[in-house]
Amino acid sequence: MQDMLHYIEAEPQIYADILTNRKSLLSELLDDQATAYKNVVIFATGSSSNAAFAAQPYMSQQLGIPVFVEEPSFTANYMLHLQPDTLYIAISQGGHSYSTIEMVKRVQAINGRIYTITGDEQSPIAKLSQHVIPLGMPMEEMPYVTAGYSATILTLMLLALELTKQDQTSYQTNLAAIEKVVTELPRVIAAAKEWVGHYSPEFDTVQRVIFVGYGGTYGVAREGETKITETVRITALGKEVEEYMHGPYIGLHANDHVIFIEPNGKLQARVAKLQQFLTGKVAKVVRITSGLVNNPYNLGLDVSADELLAPLFMTIPIHLLAYNASVRKQINLKVSAFPDFDPITNSKI
């Protein structure tokens, strides 16, 4: 079984392959554009949900319509009211998520159309889905997904770009912006590895870490919560900047680490005020920015890109931190922490 590092380092090639094959990968949806969609609803859990939140602002900007991310079990059981002018998307990277599978079943049972994004075309969700969009990458062996999460973001962004009714010049400009980010990935990975080397010793004794983002990096903050909890097995939270400022900050601890994911966008001034408040009140305020910094405990990726494209590269440092911290703590990620969980709960089919 390949480890997390293998898949993180594979992301530049995976991105390049998806870009090259985007039209064929998305053909199931692109071949059927009879409906004029008024909104998009995405059903996902875990890292798939985090990826959806990361892509959500870009998708909405490109399509010019609202995009919603919903929890499949809650919606299926309490709020399933299909609308003919809504584009429904289900995401299950591994294809075994019970609640997402049930959501697809219920939508199809009432003759609704839903497109399933999955990395395994032989998985339970792929076999039952009438409309499948493959991720276009080798199946990720490691259960704590990294490349699959990133590939999902790129797939959703390209889906929105390909569906957008825009002139060829605008289309090529937007596509070139994504392609430029992809060329930066090897350098981003190298910079992130150096940062993790500086920061990991400080992280060894952390008991709770809070990730804060905004816009597209809200999804990155959520992924920080998921991955650190899964791999390092300490308390982690992922918050949107205003969400954190309206209540959760009151529960801060003096030994907390707060990690900001900064795409240098619209809410950067709000982030600066929160950082000013937290300084001296928590053990460490750490910045991961798309710009430049001069503190070794902070990470400046120096990538010039629209803030809504930031999720394509700004999760890499967090995935590397999760991997490195688990190695330092000698946590074997290839062995389940609770092997009786799925047999009891049927969370994965």
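The values are calculated or read from the model by the stated rules, or taken from the named source; none is laboratory data. Here the structure is a predicted model, which is why all the values come from computation and not from measurement. All Cβ positions, even for glycine, are placed from backbone atoms using ideal geometry, and neighbour counts span all protein chains on display. Surface accessibility is based on the protein's heavy atoms, side chains included, excluding ligands, DNA and RNA. Shrake-Rupley method; radii C 1.70, N 1.55, O 1.52, S 1.80 Å.
How do the strands (runs of 3 or more DSSP E) wholly within segment 226-307 filter down when requiring 2 or more residues that are more than 20 Å from the chain's Cα centre (by Cα): which remain?
Output list reads 284-289.
With Ala10, Ala44, Ala36, Ala52 as the choices, which residue is buried (at least 17 other Cβ atoms within 10 Å of the Cβ) and out of contact with any strand residue (DSSP E or B) (no Cβ under 9 Å at 6 or more places or on another chain)? Let's see the steps before the verdict.
Numbers: Ala44 fails: out of contact with any strand residue (DSSP E or B) (no Cβ under 9 Å at 6 or more places or on another chain); Ala36 fails: buried (at least 17 other Cβ atoms within 10 Å of the Cβ); Ala52 fails: out of contact with any strand residue (DSSP E or B) (no Cβ under 9 Å at 6 or more places or on another chain).
Answer to the check: Ala10.
Residue check, Val258 against (1) open to solvent by 10 Å² or more (accessible area, probe 1.4 Å); (2) farther than 18 Å from Ile189 by Cα; (3) in contact with a strand residue (DSSP E or B) (Cβ under 6 Å, 6 or more places away or on another chain); (4) not acidic (Asp, Glu), all met but one. Which one?
(1)
Given the conditions (1) of a type outside the set (Ser, Thr, Tyr); (2) over 14 Å from Leu156 (Cα atoms); (3) crowded, with 23+ Cβ neighbours inside 10 Å, which single one is not true for Gln2?
For Gln2, the exception is condition (3).
I need the helices (runs of 4 or more DSSP H) fully contained in segment 1-111, keeping only those with at least 1 residues that are acidic (Asp, Glu) and in contact (Cβ under 8 Å) with a residue 60 or more places away in the chain. Spell out how you get there, then give the answer.
Values: elements: 4-9, 11-20, 22-25, 27-30, 46-63, 72-78, 98-109.
It comes to 4-9, 11-20, 27-30.
Applying the selection to segment 141-179, what residues are open to solvent by 10 Å² or more (accessible area, probe 1.4 Å) and within 11 Å of the chain's Cα centre (by Cα)?
Val145
Looking at (1) closer than 20 Å to Tyr199 by Cβ; (2) without any contact (Cβ under 8 Å) to a residue 24 or more places away in the chain; (3) open to solvent by less than 60 Å² (accessible area, probe 1.4 Å); (4) not aromatic (Phe, Trp, Tyr), can you tell me which one Gly247 breaks?
(1)
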